[in-house]
1. Which of (1) modelled with pLDDT under 75; (2) open to solvent by less than 10 Å² (accessible area, probe 1.4 Å) does Glu88 not meet, given it meets every other one?
2. I'm trying to understand the selection: among the residues of the range 182-192, which are free of Cβ contacts under 8 Å to residues at least 12 places away in the same chain and within 16 Å of Thr156 (Cβ to Cβ)?
3. Under the condition of being part of a helix (DSSP H, G or I) and not polar (S, T, N, Q), which residue from the range 51-80 is nearest to Asp11 (Cα to Cα)?
4. Could you please give the count of residues in the range 48-66 that are in contact with a strand residue (DSSP E or B) (Cβ under 9 Å, 6 or more places away or on another chain) and either over 21 Å from Thr119 (Cα atoms) or not small (Gly, Ala, Ser) (or both)?
5. Among the listed residues Arg118, Arg111, Arg140, which satisfies the condition of being in a helix (DSSP H, G or I), open to solvent by 70 Å² or more (accessible area, probe 1.4 Å) and modelled with pLDDT under 60?
6. Val53 - would you say it is at pLDDT 85 or above, surrounded by 14 or more Cβ atoms within 10 Å (Cβ to Cβ), under 22 Å from the mean Cα position of the chain (by Cα) and within 11 Å of Val6 (Cβ to Cβ)?
7. Filtering the range 200-211 down to residues that are of a type outside the set (Ser, Thr, Tyr) and closer than 14 Å to Leu165 by Cα, which residue is modelled with the lowest pLDDT?
8. Find the residue count for the range 25-50, including only residues that are part of a loop (DSSP other than H, G, I, E, B) and either over 15 Å from Thr68 (Cβ atoms) or hydroxyl-bearing (Ser, Thr, Tyr) (or both).
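The values are calculated or read from the model by the stated rules, or taken from the named source; none is laboratory data. Treat the numbers as computed from the prediction; the structure is a model and nothing was measured. Neighbour counts are summed over all protein chains in view; Cβ atoms, including those assigned to glycine, are modelled from backbone coordinates with ideal geometry. Just so you know, the surface numbers come from the protein's heavy atoms only, side chains and all, with ligands and any DNA or RNA stripped out. Shrake-Rupley method; radii C 1.70, N 1.55, O 1.52, S 1.80 Å.
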Amino acid sequence: MTRIRVVLVDDHAIVRTGLKAVLAAAPEVEVVGEASGGTEAVALLAATPADVVVMDISMADGDGIGATRAITRGAGAPRVLVLTMHAEEAYLEAVLEAGASGYLMKSTADRELVDAVRTVARGDMFVRPSAARLLAQGARRREQHASDRARFERLTDRERAVMQLIAQGYTAPEIGEQLAISPKTVDTYKQRINDKLGLTHRADYVTLALKLGLLQAPT
């Protein structure tokens, strides 16, 4: 049976004690070190070989994501399993981009920690289906945003200015006055925008402008 050496990183000693008790159910898992923060963990791992690091995100001495990034650099680095209370997509993306090999909620650690440690130790990713769905949704949103941005970039500078002013609720005469052009020319620009972006109503302008950060969302 291949031994799995684990380092626990959490700023609450009682949490580390609980994690050790859960991992004790796996005869091949050995906790070889503990740290109360990311900086301490990086120093510990410089002298303590480990296969898996179970890492909290938010700790008193700093950022677990930054520590994950430091730990996972280079060949032969231990795998990092992030253990946290946060389920938000932003955390999921950040920890995986930092090099983590898995993401586990503290609320399910008593049932899933051993399986998660085994999974990342053998080189696989451990992400629950609910987390995977969040990541997929985020990826789709980023793809849509990139598509919207690409459409916007097709406009000329003057067309962009007209589009933003329409989204802000200005009429053609008001836009013409601001840009020193005639209302008829504003209508011409508007038609070009409609053709290029597939917009029809002012609401379409507002929606796209909000997506692109050109307007403040209403409060």
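1. (2)
2. Thr185, Thr188, Gln191
3. Gly64
4. Count: 12.
5. Sole residue among the options that is in a helix (DSSP H, G or I), open to solvent by 70 Å² or more (accessible area, probe 1.4 Å) and modelled with pLDDT under 60: Arg140.
6. Taking the combined requirement at face value, the residue satisfies it.
7. Looking at the filtered set, the residue picked out is Leu210.
8. 7
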